[in-house]
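Following: one structure in structure tokens, then a few remarks.
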Ligand SMILES: N[C@@H](CCC(=O)N[C@@H](CS)C(=O)NCC(=O)O)C(=O)O
């Protein structure tokens, strides 16, 4: 186990997994930013800056920008959690460093492109392609793990 933790592949995985998890966490701050600047809140207690009951009511609304960032965050959760779990198993199978780095870099790059495409509403297929690259990387690592550990 100590060998695995000291290995270059594990260190690379830890680096890229941490970067992409931090990116995902930053979506919460972006959501908060859009909620405040668009004055669009989900809970009555969050509208405490309102001066009148009417203004309070107006601030309890759904806003397109907020919802876009929330969908992007949701998509991160759907893709980054599987990457971290499967990537860890993949790392434990002792892959080649160059192959592992290619997987990790492609995945992290694809998720940054996905976020930019989503938040900036870039024309398709930019978002779809970046999503496919990410899911392809996770699928490739899962395939590698199964070819080594498969016991049915
Ligand atoms: N849960 C996703 C599954 C498919 C998916 O992740 N598609 C990518 C590429 S089109 C995406 O960015 N979907 C937008 C989203 O998840 O809000 C969805 O509802 O669209």
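What follows is calculated from the coordinates using simple rules that are stated; it is not laboratory data. Model, not experiment: these values are computed from the prediction. Note that we place each Cβ from the backbone using ideal geometry, even for glycine, and neighbour counts take in every protein chain shown.
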Neighbour-count order for 14, 110, fewest beta carbons within 10 angstrom listed first: 14, 110
On Cα atoms only, tilt of 97-119 relative to the major axis of the chain in degrees: 10 degrees
Angle in degrees between helix 8-38 and the longest Cα principal axis of the chain, rounded to the nearest 10: 10 degrees
On Cα atoms only, tilt of 126-149 relative to the major axis of the chain in degrees: 40 degrees
Relative counts (whole %) of C-alpha pair distances in the stretch 16-152, using bins that are 5 Å wide: 2, 10, 17, 17, 13, 11, 9, 7, 5, 4, 2, 1, 1
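Sort the following peptides by mean Cβ neighbour count (other Cβ atoms within 10 Å, averaged over residues), highest first: 15-22, 69-76, 51-58, 4-11. Can you show the working numbers first?
Values: 15-22: 15.9, 69-76: 18.0, 51-58: 10.8, 4-11: 13.6.
Ranking the peptides 15-22, 69-76, 51-58, 4-11 by packing returns 69-76, 15-22, 4-11, 51-58.
Given an 8 Å cut-off on Cα distances and at least 6 residues of separation, report the relative contact order of the chain as a percent.
Values: 131 pairs, mean separation 41.6, N = 152.
Relative CO of the chain lands at 27 percent.
Sorted by packing (mean other beta-carbon atoms within 10 Å per residue), highest first, where do 25-36, 86-97 land? All intermediate terms of the calculation are to be shown ahead of the outcome.
Details: 25-36: 14.9, 86-97: 17.6.
In decreasing order of mean packing, 25-36, 86-97 become 86-97, 25-36.
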Alpha-carbon centroid distance for the pair the stretch 118-152 / the stretch 1-33, whole angstrom: 17 Å
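Given R₀ = 30 Å, what would the calculated FRET efficiency be for residue 61 paired with residue 120, taking r from the Cβ atoms and rounding to 0.05? Walk me through the intermediate numbers first.
Working: r = 23 Å, r/R0 = 0.76.
Between residue 61 and residue 120 the formula returns 0.85.
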